[in-house]
Amino acid sequence: MMTVLPPMRLSGAQVLHDGKIQRRSLALARGKITKGPLPEVDLSGYLLLPGIVDMHVALPALPMADALPVLEARLAREGITTAWITSFAPPPAPRFEGFMDILSARRGGLDLRGKLLMHPATPISTDLLRRLEALGLDFAAFLSETPPEPDALPPVSSDFPRFLCRVAECLDELGILYGSLGDADAEMREYFRMLGARVADQPRTRGAAATARAMNDRVLAPAGDLLPGAPIRDAVSTGRLLGERLCDALVSCGQEGAMNAAAWVIAEGKLSQLPKAWDRVSRIPARIMGLSDRGVFEPGKRADILVVDPATRAVEATIAKGRLLHATERLKSRFRHGTFAPPLAAE
């Protein structure tokens with residue numbers, strides 16, 4: 001389902017605005033938050049939150065064009081409006097390039113982007129990086145489970161392999177943000193930081209996260225760790241990183257539904273604490289990626305809006321850049337009974 005919404009004012013709801021939950025209206029037109037009197041849709045009883053920005057949507061394999069609508073619908077149901085897609089196993093370069101080519105041809109819907117995973121022992125050409133950047137690549141990560149050298153991790157003072165230096169220099173030149181994924185310890189994080197990686201993407205130990213924080217780098221952690229019944233991993237828990245202020249933002253990492261739920265866990269289910277918790281799944285990841293047009297409700301920003309039932313905490317509607325991508329039946333009826341009565345496509 002995708003319906004381009006006409007100019008409207010969502011009224012009667014509680015809205016996350018200016019760091020607080022306030023009862024106010026929210027206007028949107030031509031895909032952006034706006035001001036002024038507009039036809040109203042009554043959303044009394046609901047909560048309006050900025051769309052979720054997920055920096056690591058991990059899939060078993062990269063989807064091709066025919067599978068993207070299914071993926072988009074799934075993400076929309078979970079409230080994700082901006083997503084960096086990658087796969088658990090890094091695909092061959094030609095397949096990733098083909099995936100980026102498909103994404104670059106998309107129009108409308110969720111903002112889907114590709115995240116390049118790079119094995120530090122496998123050379124990658126700078127020509128490929130330039131082609132990927134032209135197709136929209138803006139985020140990459142070195143896999144750090146395996147040391148950059150086949151035998152052992154070189155001391156931090158050692159020279160980097162030439163191809164790694166070329167890759168890092170090219171990423172810097174192209175303005176592509178990059179980090180290291182799964183740092184096993186402080187030494188590994190320091191190694192990749194000296195190479196230029198400014199994001200500690202799901203570090204496996206507290207030491208790696210603390211080293212990143214000491215160097216003023218960003219730390220991402222899996223949201224699923226915070227949910228009741230989460231399996232015990234052999235990595236430092238997200239809860240501990242949050243408790244020690246060593247985590248900036250959450251990522252889904254294969255559990256897209258965990259993002260919304262984890263924010264409520266951080267907020268202890270309290271609306272008064274939700275604004276700061278929600279920052280970790282919306283405003284802060286948008287800021288890390290340099291996307292100043294989302295993550296908050298301000299005039300001129302993207303109209304990425306979640307309509308949430310505060311009692312059940314379920315996402316009942318998702319609007320991405322002014323397009324209604326997901327809505328429950330009772331939310332559809334609210335829109336149908338608005339003063340403009342827009343036509344809504346069937347799910």
Label model pair Arg336, His119: point-to-point distance (7 angstrom along the Cα→beta-carbon line) in nm is 5.3
Ranked order, Lys321, Lys332 - accessible area, probe 1.4 Å, largest first | Lys321, Lys332
Accessible area per residue in Å² at 1.4 Å probe, computed on the chain = 43
For Glu244, the net charge from surrounding residues (Cβ-Cβ under 15 Å; K, R +1; D, E -1) works out to +3
Glu329: accessible area at probe 1.4 Å, nearest 10 Å²?
-> 120
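When the accessible area of the chain is computed with all protein chains present and a 1.4 Å probe, what percentage of it is carbon and sulfur? All intermediate terms of the calculation are to be shown ahead of the outcome.
Values: 7550 of 14750 Å².
Solvent-exposed carbon and sulfur of the chain make up 51 percent of the total.
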Estimated inter-spin distance, Asp66 and Lys20, nm [label 7 Å along Cα→Cβ] | 5.3
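So how do Arg233, Arg23 rank on accessible area, 1.4 Å probe, biggest first, that is with the largest at the start?
Working: Arg233 95, Arg23 165 Å².
So, going from the largest accessible area down, we get Arg23, Arg233.
What relative contact order, as a whole-number percentage, does region 200-239 give when Cα pairs under 8 Å and 6 or more residues apart are counted? Don't skip to the end; give the middle numbers.
Values: 40 pairs, mean separation 17.3, N = 40.
Computed value for region 200-239: 43 percent relative contact order.
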Give me the log10 of I(q) over I(0) for the chain at q = 0.09 Å⁻¹, as the Debye formula computes it from C-alpha points; what are the numbers?
-> -0.49
With each pseudo-label sitting 7 Å past Cα toward Cβ, what's the Ala311-Glu268 distance in nm, one decimal?
-> 2.5
For Cys253, what accessible area in Å² do you get when you roll a 1.4 Å probe over the heavy atoms of the protein chains, rounding to the nearest 10?
-> 40
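The values are calculated or read from the model by the stated rules, or taken from the named source; none is laboratory data. Predicted model, so just to flag it, every value in this text is computed and none were measured. Please note: Cβ atoms are built from the backbone with ideal geometry, for glycine as well, and neighbour counts cover all protein chains shown. All accessible areas refer to the heavy atoms of the entire protein, side chains included, with ligands and DNA or RNA removed. Shrake-Rupley method; radii C 1.70, N 1.55, O 1.52, S 1.80 Å.
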